[in-house]
Amino acid sequence: MRARNLLIFLCAVVLTGCAASETRSVVSKDELPASKHRKVALFIEKLNQPESQATEQIVIAALQKAGGNAESGANIFARRGMLTEQAKAKVVQKEFDAVIYLTVLEKGIFAEIVPNAWSDGQTITYSMLGLLEVSHNVTDLYVVRSDGTVYQQMLTLKMKVDLQDTKTAKQVWTSETVSSGNVRLTNMDVLFGEASQQITEKMKTDNAI
């Protein structure tokens, strides 16, 4: 009975489309300094200003939680007035151990098929490993096609993070992260938060920070 209840629970989780993130990283171990990067300047790319500022706060909070000391690159330069690119580079090199460049590659709403699910127009039936079938009423969380296939409207975020050592000007760590969740059950701030948490944890595991 306990195993059956567990399978029912797992099926329900799949159909509700909980938010999930996955991060893959590449580490240049030979380029990593002996001392970890503690003070980091953060630059957000390919986001408008309001989104960029909100994202900066989320990522900086995650980095600080992981034991790092992070600052917004935009704010660093804003309080110094007009600077040449060469002057900006000197400021960063002098005051920071590393620079993080976060680039948003994709974000938006995408239709994602629910595997092993089908519908008769009234209910959605989900099969797990051929052991159990669970039925749910059709709701506006799902899109049912005429052939019976079932889709979820997913909010998706994909971003790339590069960590550059300021002393050597070499990229020592890079990653790609995909975060998604049902559009009616999550929002972009939640996805940025989960992705940022996972990225910083991965950096820490890889001894980059």
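A few comments on the model shown:
- Neighbours by Cβ (under 8 Å, 6+ apart or cross-chain): first from the range 61-72, part of a helix (DSSP H, G or I); second among the basic types (K, R) and surrounded by 14 or more Cβ atoms within 10 Å (Cβ to Cβ): none
- Candidate set from the range 187-209 (those that are touching a strand residue (DSSP E or B) at 6+ places or on another chain (Cβ under 6 Å) and not in a helix (DSSP H, G or I)); member that is farthest from E56 (Cα to Cα): D206
- Filter result for N187 (out of contact with any helix residue (DSSP H, G or I) (no Cβ under 9 Å at 6 or more places or on another chain) and of a type in the set (S, T, N, Q)): yes
- Evaluation of T103 against the conditions (1) at pLDDT 90 or above; (2) of a type in the set (V, I, T); (3) assigned to a helix (DSSP H, G or I) shows that the sole unmet condition is (3).
- Filter pass, V91 being among the β-branched types (V, I, T) and assigned by TED's automatic domain parsing to the domain that holds L32: yes
- Test: V178 is touching a helix residue (DSSP H, G or I) at 6+ places or on another chain (Cβ under 7 Å) and either assigned to a strand (DSSP E or B) or on the phi > 0 side of the Ramachandran plot (or both): no
- For R145, the conditions (1) at pLDDT 85 or above; (2) surrounded by 14 or more Cβ atoms within 10 Å (Cβ to Cβ); (3) over 30 Å from G68 (Cα atoms) all hold with the exception of (2).
The values are calculated or read from the model by the stated rules, or taken from the named source; none is laboratory data. Here the structure is a predicted model, which is why all the values come from computation and not from measurement. Every residue, glycine among them, receives a Cβ derived from its backbone with ideal geometry; neighbour counts consider all protein chains shown.
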